[in-house]
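Q: What follows is a structure written as structure tokens; I'll ask about it next.
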Amino acid sequence: MLDSPRWKKYLIALIMALALLYASPNLFPQDPAVQIAGSRTATVDAALKERVQGALEKAKVRFKLVALENDRLLVRLFDSDSQLTAKDLISTELNPNADDPAYTVALNLASTVPNWLRRVGARPMAKGLDLQGGVHFLMEVSESDIRHQDEIRMVDDLSRLLRDQKLRGVVTRGVAGPVVTLHSAEDRDQMARLLVNRFAGVRFITGVSTGLEAFPLVGNISKEAVANAVGAAIDQNLTTLRDRINSLGVAEPVIQRQGISRIAVDLPGVQDTAAAINLMGSTSTLEYHAVNEAARGSAVAPPGSKVYTDRNGQPIVLLRRVIASGDQLTNATSMVDSQSGTPTVSVTLNSAGARKMLDFTQDNVGNGMAVVLINKLPVTRTVNGKVERHFVTKEEVISVATIRGVFGAQFQTTGLDSMEEASQLALSLKSGSLSTPLSMVEERVIGPSLGADNIKSGMRAVLIGFLAVIGFTIFYYRSFGFFGIAGLLCNLVLLLAVLSVFGATLTMPGIAGLVLTLGMAIDANVLVNERIKEELRLGNSPAASIVSGYEKAWHTIIDSNLTTLIAGIALFAFGSGPIRGFALVLCVGILTTMYTAVSVTHVLVGQVYGGGRKIQKLSI
């Protein structure tokens, strides 16, 4: 039957209308922008907006708009050159002390998609690093650092176990793991029984006695345990980095594990490597310490204690022993305290932290406990032409409270200045601090001009490929060539819409997949047209030839595209980076091609030649 059912026509019209709607955001270019976010003590408000706007006008830097968006200030500019100038100007204006910045000033790209499109979920495809420019980092965690941290944690746990069991002995770090030296063979045997399966991947064996009151148990950490610890550290660092980069507002960052101990980070649109490194390397966590009651009001720390300062700059002496720390938190939620109305963070500890907190509060009701906020910030400096990076630790007491009762796993942390700070602290605690420092293996900056050149080259390739296909199709198939071109346009719109809806990132390999899809798409129409010509040569009527051509070519089209689809799925499953981008566009393009090349063009042909018309001759 040449005519298609009415429901099929309406369905195709609806699908193409939705495809146009969701592909249209790609027509709106992004504005170069500078984003300003406040720190704990700095606020982003209308006064700051006026200050920034005045500084830009005074320096005669042209800008489109300065607006408050989601507790941040966004300055939209006309080009990347004015963006860099504005960023340096605003940083100097708002952060006179570069070592202690009050505001985070970052380069960004601001969407120009109309609000009504955003409300229906339409968004443009993000551009990859090769199209937009930005920075690429390759970072690595140190296996020796992770092993060192695990051994220190085991030494603390073993020392506590000795105290709890009232066994005489000492715990030290050995060559292959912790070593527990007991004062008697009986104590050693009792400790050996306690240590069976206590630490995963750690095996304790009886060591050689070195004399009186020296009966050691030697721990050996297996390679599997170290590998598992490295994997866990990578996973935690991935989560932490994602949360931090999302908080900066970078559009479509790519953060993924690479190999056993490395993390690759691509930040499109970011040109300031120092700011990005500082963001990714900084850590925020909490520690809970007991107040040294004997040294209250003193600025001198006795043995086993340390002098901290609170937010008012007043000294306070705390015991060095950590009751619980941020790495023992399983959840943190910001809220408003129902009694005082002040911002607070509700904290939940894991079983080990809860046990330590319970033991401490049972013995210290009426004494003080302090909450220490620890920020570790990476500092980048150039010395003799070489870039040197190190971490600066800032510690401050944010809260001192008297223990009124016994608690363990759940409690609240107060002393925060605002709900924004409470939310940021809760986010940092939930994602956790970096489980181990990240060392930079590689950093590469791709300039926006190179990205713009890649976009021009890619668009030129798509246009030339599209025009070449149009010319060949019309020349060879005449009127039926126009049906193929219409199907090709529908295929392109549908492909862009699907990629946009699923949040795909467009890269140069993706553009290569797009060009290949256009060439393969017309192949399906070639099969249909050749089948129609063959039916005409057999003496069939034009209408019967069209119907038979579409029916008989359909199976061939499925077979030819299915094999390519299998290859594309394999590339996507086992490839990485650019290969996955190419494979994604190829696979989606094959699916849209099979739909548009047959269903859409069939309906168009039916509209022209159907409806009971007498067809004398086909222009094919």
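Just so it is clear, none of the values below were taken in a lab; they were calculated from the coordinates. The model shown is predicted, which means the values in this text are computed figures rather than measured ones. With ideal geometry, Cβ positions are generated from the backbone for all residues, glycine too; neighbour counts draw on all protein chains shown.
Q: Which FRET efficiency value, to the nearest 0.05, is calculated for Ser209 and Arg355 with the Förster distance at 45 angstrom and r the Cβ-Cβ distance?
A: It comes to 0.85.
Q: Here's something else I'd like to know. Among the listed pairs Lys64/Lys127; Lys9/Lys127; Lys533/Lys614; Lys166/Lys356; Lys64/Lys87; Lys58/Lys87, which are separated by more than 24 Å between their Cα atoms?
A: Among Lys64/Lys127; Lys9/Lys127; Lys533/Lys614; Lys166/Lys356; Lys64/Lys87; Lys58/Lys87, the Cα-Cα distance tops 24 Å for Lys9/Lys127.
Q: May I pose another question? Under a plain spin-label model, where a point goes 7 Å from the Cα along Cα-to-Cβ, how far apart in nm are Ala192 and Thr239?
A: 3.8
Q: Using a 7 Å offset from the Cα along the Cα-to-Cβ direction at both Thr92 and Val175, what is the distance between the two label points in nm, to one decimal?
A: Each label point lies 7 Å from its Cα, and together they span 6.0 nm.
Q: How would you classify the chain from its alpha-carbon gyration tensor, with a ≥ b ≥ c the square roots of the eigenvalues: rounded for a/c under 1.5, else prolate if a/b is greater than b/c, otherwise oblate?
A: prolate
Q: Give the calculated FRET efficiency between Asp45 and Thr330 to the nearest 0.05, with a Förster radius of 45 Å applied to their Cβ-Cβ distance.
A: After rounding, the FRET efficiency stands at 0.80.
Q: So, R0 is 41 Å and r is the distance between the beta-carbons of Ala232 and Lys60; what FRET efficiency does that work out to, to 0.05?
A: It comes to 0.20.
Q: Related question: Given a cut-off of under 8 Å on Cα pairs at least six residues apart, what relative contact order in percent is computed for region 31-110?
A: Working: 134 pairs, mean separation 37.9, N = 80.
Reported as a whole number, the value is 47 percent.
Q: Of the peptides 594-605, 515-526, how do they stack up when ordered by the mean number of other Cβ atoms within 10 Å, highest first?
A: 594-605, 515-526
Q: As an exercise, identify the trypsin sites (Lys or Arg not before Pro) in region 23-121 lying in DSSP coil whose Cβ has no more than 14 other Cβ atoms within 10 Å. If you can, show how the numbers build up before the last one.
A: Details: sites: Arg40, Lys49, Arg51, Lys58, Lys60, Arg62, Lys64, Arg72, Arg76, Lys87, Arg118, Arg119; in loops: Arg40, Lys60, Arg62.
Passing sites in region 23-121 are Lys60, Arg62.
Q: Mind ranking 17-30, 331-344 by how tightly packed they are, going by the mean number of other C-beta atoms within 10 angstrom, highest first? Mind dumping the intermediate values first?
A: Numbers: 17-30: 16.2, 331-344: 13.9.
In decreasing order of mean packing, 17-30, 331-344 become 17-30, 331-344.
Q: As I understand it, the value is the acute angle between the Cα axis of helix 6-23 and the longest principal axis of the Cα atoms of the chain; what does it come to in degrees, rounded to 10?
A: The answer is roughly 50 degrees.
Q: Measure nothing but the geometry: give the 0 to 90° angle between the long axis through the Cα atoms of 143-165 and the longest principal axis through the Cα atoms of the chain, rounded to 10°.
A: In the chain, helix 143-165 runs at an angle near 40 degrees to the longest axis.
Q: Go ahead and collect, in residue order, the members of region 324-368 whose backbone nitrogen is under 20 Å from a label point 7 Å along the Cα-Cβ direction of Met419.
A: 332-347, by backbone N distance to the label point.
Q: As a footprinting exposure proxy, order His555, His289 by other Cβ within 10 Å, with the fewest listed first.
A: His555, His289
Q: Between 0 and 90 degrees, rounded to the nearest ten: what's the tilt of helix 185-194 against the longest Cα principal axis of the chain?
A: Taking Cα atoms only, the helix is inclined about 30 degrees.
Q: Less than 15 Å from a label point 7 Å out along the Cα-to-Cβ axis of Asp156: which backbone N atoms in region 321-357 qualify, by residue?
A: Only 321-330, 349-357 fall inside the zone, counting backbone N under 15 Å.
Q: Between Gln412 and Val365, 0.36 nm times their residue separation minus their Cα-Cα distance comes to what?
A: Numbers: separation 47, 0.36 × 47 = 16.92 nm, distance 1.63 nm.
That pair, Gln412 and Val365, stretches by 15.3 nm at full extension.
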